[in-house]
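Trainee: Before anything else, here's the structure in question.
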Amino acid sequence: MAKLIDGKAISQAVKEETALQVAALKEKGVQVTLAVIQVGADPASCVYVRNKKKACEAVGIRSLSYELPEETSEDELLALIDELNGREDVHGILVQLPLPKHMNEERVVVHVSPYKDVDCFHPENVGALCIGKPRFVSCTPAGIVELLKRSDIQIDGKECVVVGRSNIVGKPAAQLLLAENGTVTTAHSHTSDLKEVCKRADILVVAVGKEKMITREYVKEGATVIDVGMHRSPSNKLSGDVDFEDVLPVAGAITPVPGGVGPMTIAMLMKNCLHAATLWYERQEGNRL
Ligand code: NDP
């Protein structure tokens, strides 16, 4: 029976550590501040934004909220981002995705200053991550690595398979596992014999967006299974991309949904906000932490 990887407890520990550092920075006169922009009222986005604001409050980060109507033009959104980019008292900017269809997400994402890009979506930050010199680390992939490390699961030298190659999860997760010296395979919708590929994995990260797709036939006995997927049923029950009940007896360790990767994503966002404020503080002449 697999050991449960407790994302709730681990994310709580990360938030508590972050809160201490946020308080220490406050004593130096810096109030860590995150600006959260939401355009429209997509129900899932509303839940995510609410949770992010709650987390900010819990760790002592000030959050500024910009809730713009669905019909906001792209130019108006870019003007707001310009204003926030220029503000000394704002350290992180988060534009909640997806944006309404009339906006070009790529254009919006590159408009956020790379120094305030706490989601790590800006190509400059993605590039820095790829060459092993990260300024920020994408929140969900950073959460995955943190879960593994704090659960004493060795990455170095292990076969890691990431199912999914999105810019937000799959690709940066693969990069981070590689940086930890894993032997990494990225699988996607064109991968032939996905089961065979997944069965090679000592660490299987699933970010495929298909509810309960990964059953025990994809999992090697004793493997660690990290389920990034998030699906909400009409009765508000959450499930993942992994068929948890089916895989539980086969895996060595597994993240549940809810209570696995989800809470880590927000905890790592808090860490990135702290990091953005720390970098800002250090850029001021003569400051070194
Ligand atoms: P995307 O839809 O952007 O990417 C899905 C990836 O899965 C693609 O690369 C796609 O391949 C691949 N894929 C789809 N079908 C198959 C298949 N049958 N076999 C193999 N590969 C397949 O999703 P995201 O990466 O944004 O999200 C993945 C999941 O994680 C979702 O459930 C999402 O809700 C969840 N999520 C959870 C977060 C959290 O904090 N817990 C944060 C972000 C996402 P191809 O590229 O070839 O199309």
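Computed from the coordinates by the stated procedures, all read-outs in this text should not be read as laboratory data. Since this is a predicted model, take the numbers as computed values, not measurements. Here the Cβ is made from the backbone with ideal geometry for all residues, glycine too, and neighbour counts use every protein chain on show.
Trainee: Need the list of lysines near LYS199 for cross-linking: C-alpha distance under 16 angstrom, and skip anything on the same chain fewer than eight residues off.
Mentor: Once the sequence-local lysines are set aside, what remains near LYS199 is LYS158, LYS220.
Trainee: Just to be sure I follow: if Rg is taken over the C-alpha atoms of the stretch 144-205 and Rh is the Kirkwood radius over the same atoms, what is Rg/Rh?
Mentor: Details: Rg = 11.0 Å, Rh = 11.6 Å.
Rounded to two decimals, Rg/Rh equals 0.95.
Trainee: Just want to confirm a number: the relative contact order over the chain, from Cα pairs under 8 angstrom separated by 6+ residues, in percent. Please list the in-between numbers first.
Mentor: Values: 564 pairs, mean separation 65.0, N = 289.
Normalised by residue count, the contact order of the chain is 22 percent.
Trainee: Can you give the % of DSSP beta bridges in the stretch 139-258 that are antiparallel, to the nearest 5? Can you show the working numbers first?
Mentor: Working: 2 of 18 bridges.
Antiparallel bridges: around 10 percent, rounded to the nearest 5.
Trainee: Another one. Can you tell me the 0 to 90 degree angle between the C-alpha axis of helix 7-27 and the longest principal axis of the chain, rounded to 10?
Mentor: The angle comes out at about 20 degrees.
Trainee: Still on this structure: Let me know the charge dipole size of the chain about its Cα centre in debye, to the nearest 20, where only the beta-carbon of Lys, Arg (+1) and Asp, Glu (-1) is charged.
Mentor: On the way: 33 positive and 39 negative charges, 127 e Å.
Dipole size: approximately 620 debye.
Trainee: Further question: Can you tell me, using C-alpha contacts under 8 Å and at least 6 residues apart, the relative contact order of the stretch 139-258 as a whole percent? Show your work: numbers first, answer last.
Mentor: Values: 255 pairs, mean separation 25.2, N = 120.
For the stretch 139-258, the relative contact order is 21 percent.
Trainee: Please work out the C-alpha center-to-center distance from the stretch 1-45 to the stretch 226-258 and express it in whole Å.
Mentor: If you average the Cα positions of each part, the centres end up 23 Å apart.
Trainee: Assuming R0 = 30 Å, can you tell me the calculated FRET efficiency for the pair GLU70 and ARG232, based on Cβ-Cβ distance, to the nearest 0.05? Please report the intermediate quantities before stating the final value.
Mentor: On the way: r = 21 Å, r/R0 = 0.71.
Once the sixth-power term is evaluated, E becomes 0.90.
Trainee: Separate question: Would you work out the Kirkwood radius for the stretch 139-258? I mean one over the mean of 1/r across all pairs of different Cα atoms, in Å. Don't skip to the answer; put the middle values down first.
Mentor: Working: mean 1/r = 0.0716 Å⁻¹.
It works out to 14.0 Å.
Trainee: Moving on. With both partners inside the chain, how many of the DSSP beta bridges are antiparallel, as a percent to the nearest 5?
Mentor: Details: 2 of 31 bridges.
The antiparallel fraction comes to roughly 5 percent.
Trainee: Output wanted: per-residue J couplings in Hz (rounded whole) for the stretch 194-208, from phi through Karplus 6.51 cos²θ - 1.76 cosθ + 1.60, θ = phi - 60°, x for Gly and Pro.
Mentor: Result, ordered by residue: 4, 4, 4, 4, 5, 5, 6, 6, 7, 10, 10, 9, 10, 9, 10 Hz.
Trainee: Can you list residues from other chains, or at least 5 along the same chain, whose modelled amide H is less than 5 Å from the amide H of LEU68?
Mentor: The list, which skips near neighbours in sequence, is GLN38, VAL39, GLY40.
Trainee: If you average the sequence gap of Cα pairs under 8 Å that are 6 or more apart and divide by the length of the stretch 61-152, what percent do you get for the contact order? Walk me through the numbers before you get to the answer.
Mentor: Numbers: 69 pairs, mean separation 18.6, N = 92.
The normalised contact order for the stretch 61-152 reaches 20 percent.
Trainee: Using only the Cα atoms of the chain, each taken as one equal point scatterer with no solvent, compute I(q) by the Debye sum, divide by I(0), and report log10 of the ratio at q = 0.07, 0.10, 0.12 Å⁻¹.
Mentor: -0.26, -0.54, -0.78
Trainee: Got a sec to turn the phi values of the stretch 39-50 into Karplus ³J(HN,Hα) couplings, 6.51 cos²θ - 1.76 cosθ + 1.60 with θ = phi - 60°, whole Hz, x for Gly and Pro?
Mentor: With coefficients 6.51, -1.76 and 1.60, one gets 10, x, 9, 3, x, 5, 4, 4, 5, 4, 5, 4 Hz.
Trainee: Quickly rank 35-43, 198-206, 252-260 as a protection proxy: mean count of other C-beta atoms within 10 Å, highest first. Before the final figure, lay out the partial values.
Mentor: On the way: 35-43: 18.6, 198-206: 23.8, 252-260: 21.9.
Going by the mean number of other Cβ atoms within 10 Å, highest first, we get 198-206, 252-260, 35-43.
Trainee: Using R₀ = 45 Å, calculate the FRET efficiency as 1/(1 + (r/R₀)^6) where r is the Cβ-Cβ separation of ALA41 and GLU221; round to 0.05.
Mentor: Computed FRET efficiency for ALA41 and GLU221: 0.45.
Trainee: Return the sequence-ordered ³J(HN,Hα) values of the stretch 104-112 in whole Hz as given by the Karplus equation 6.51 cos²θ - 1.76 cosθ + 1.60 applied to θ = phi - 60°, using x for Gly and Pro.
Mentor: Each residue of the stretch 104-112 in turn: 9, 4, 4, 5, 5, 4, 6, 7, 5 Hz.
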